[in-house]
Amino acid sequence: MESRQIAVYLIIAGALLLLLKFISFLMSDTLIGLATILIASGGVILSMKYIKDSRESDKTNDS
């Protein structure tokens, strides 16, 4: 296995551990966890809308 590939796996594993630790910290306080979930879901919905709108505008510009 290439050393660069091992480094990528180690970085991904470390990032996942930090993410799990952060999530467990947020879930320890109910209101902070709920607020984080609401903000994240709102961001996902908003980004999906912009992606959909940009694809629709690309279709109308190509015609």
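Here, each number is a calculation from the coordinates, and none is a lab measurement. Everything numeric here is computed off the predicted structure, so don't read it as measured data. A quick note on method: Cβ atoms are made from the backbone with ideal geometry, for glycine too, and the neighbour counts reach across all protein chains shown.
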Is it fair to say L26 is assigned to a helix (DSSP H, G or I), in contact with a Ser or Thr (Cβ under 6 Å, 6 or more places away or on another chain) and surrounded by 10 or more Cβ atoms within 10 Å (Cβ to Cβ)? yes
State which residue pairs qualify: first residue closer than 17 Å to A40 by Cα and inside segment 14-30, second residue assigned to a helix (DSSP H, G or I) in any location, beta carbons under 7 Å apart, and separation of 6 or more residues or different chains. L26/I32; L26/G33; L26/T36; M27/G33
